[in-house]
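I am attaching a structure below and will ask some questions about it afterwards.
The values are calculated or read from the model by the stated rules, or taken from the named source; none is laboratory data. The structure displayed is predicted, hence computed values, not measured ones. We place every Cβ from the backbone using ideal geometry, glycine too, and count neighbours over all the protein chains shown. Calculation scope for accessible area: heavy atoms of the full protein, side chains included, ligands and nucleic acids excluded. Shrake-Rupley method; radii C 1.70, N 1.55, O 1.52, S 1.80 Å.
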Amino acid sequence: MHAVVVGCGRVGSAVARQLADESWSVGVIDEAVEAFNRLGPTFTGETFEGHALDDEVLRLAGIERADACVVATNGDNTNLVVAQVAMKRFDNQCVVVRILDPARADFYRTLGLRTISPTKTAISELLDAARACEIPAREPVST
């Protein structure tokens, strides 16, 4: 199995390391070469410095043979465009894209992208945690 991971921040690097640990071949793309330090010395995949909107960079990372493409840069606009390029231009059927804006994530999900919204997940988890709090009865305040 081969994956292309776009963005080597905290999320992208963790995804790339985990897939590599599961015996996937992994190509990681980032514009900043120092971002690859997050992968650690035991990372077995390949790294590609450049912009994922550059078809040649995507090809070098193996997009044409990828079983999955994970797009996790720090910008929703970039993520959405790269995800659509991977899906439409390179016919990748498994494109997973991080979108911070929950409304945009929902909209693009209707267009066939597999969107993950950490903002939506955080809101849900925070609400569940707040609702689960057991609040002791308060003593009436005397005046």
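Gaussian network model of the chain, Cα springs within a sub-10 Å range: biggest mean-square fluctuation belongs to which of R89, R114, R59?
Evaluated over the chain, the most mobile residue of the options is R89.
If you don't mind, there's one more thing I want to ask. If you take every residue apart from T73 with its C-beta less than 10 Å away from the C-beta of T73, what net charge results, scoring Lys and Arg +1 and Asp and Glu -1?
Result for the neighbourhood of T73: -2.
Would the range 5-71 count as rounded, prolate or oblate if I go by the C-alpha gyration tensor, calling it rounded below 1.5 in a/c and otherwise prolate when a/b exceeds b/c, oblate otherwise?
oblate
How much net charge surrounds E31 when only other residues with a Cβ under 15 Å from its Cβ are counted (Lys, Arg +1; Asp, Glu -1)?
Working: positive: R38; negative: D30, E34, E49, D54, E56.
After counting each charged neighbour, the total is -4.
Considering the dipole of the chain built from charges on the beta carbon (Lys and Arg +1, Asp and Glu -1) around the Cα centre, which of A105, A86, A132 is farthest to its positive end?
A132
Choose one answer from P41, P118, P102: the residue with the largest mean-square fluctuation in a GNM of the chain with alpha-carbon springs under 10 Å.
Residue with maximal mean-square fluctuation among P41, P118, P102: P41.
Report the relative contact order of the chain, percent, no decimals, based on alpha-carbon pairs under 8 angstrom and at least 6 residues apart.
Working: 247 pairs, mean separation 27.6, N = 143.
Taking the mean separation of contacting Cα pairs over the length of the chain, I get 19 percent.
When a/c is below 1.5 the answer is rounded, else prolate if a/b is larger than b/c, else oblate, so apply that to the chain with a ≥ b ≥ c taken from the square roots of the Cα gyration tensor eigenvalues.
Details: a/c = 2.86, a/b = 1.99, b/c = 1.44.
Verdict is prolate for the chain.
What list of ³J(HN,Hα) values in whole Hz, one per residue of the range 21-34 in order, does the Karplus curve 6.51 cos²θ - 1.76 cosθ + 1.60 (θ = phi - 60°) give from phi, with Gly and Pro shown as x?
5, 8, 6, 7, 7, 9, x, 10, 10, 8, 6, 10, 4, 5
Now, a different point. Which of L60, L126, L39 ends up with the largest GNM mean-square fluctuation for the chain, with Cα atoms connected below 10 Å?
Evaluated over the chain, the most mobile residue of the options is L126.
State in Å² the accessible area per residue of the chain; use a 1.4 Å probe, count heavy atoms of protein chains only, and round to the nearest integer.
61
Quick check: Cα centre of the range 11-73 to Cα centre of the range 83-119, how many Å?
Centre-to-centre distance over Cα atoms comes out at 18 Å.
Calculate for the chain the 222 nm mean residue ellipticity that helices alone would give, adding -39,500 (n - 2.57) per DSSP H run of length 4 or more and normalising by residue count, nearest 500 deg cm²/dmol.
The helix-only estimate for the chain comes to -11000 deg cm²/dmol at 222 nm.
If amide hydrogens are placed 1.01 Å from N in the peptide plane, which non-local residues have theirs closer than 5 Å to the one on R114?
Distant-sequence amide H within range of R114: V95, V97.
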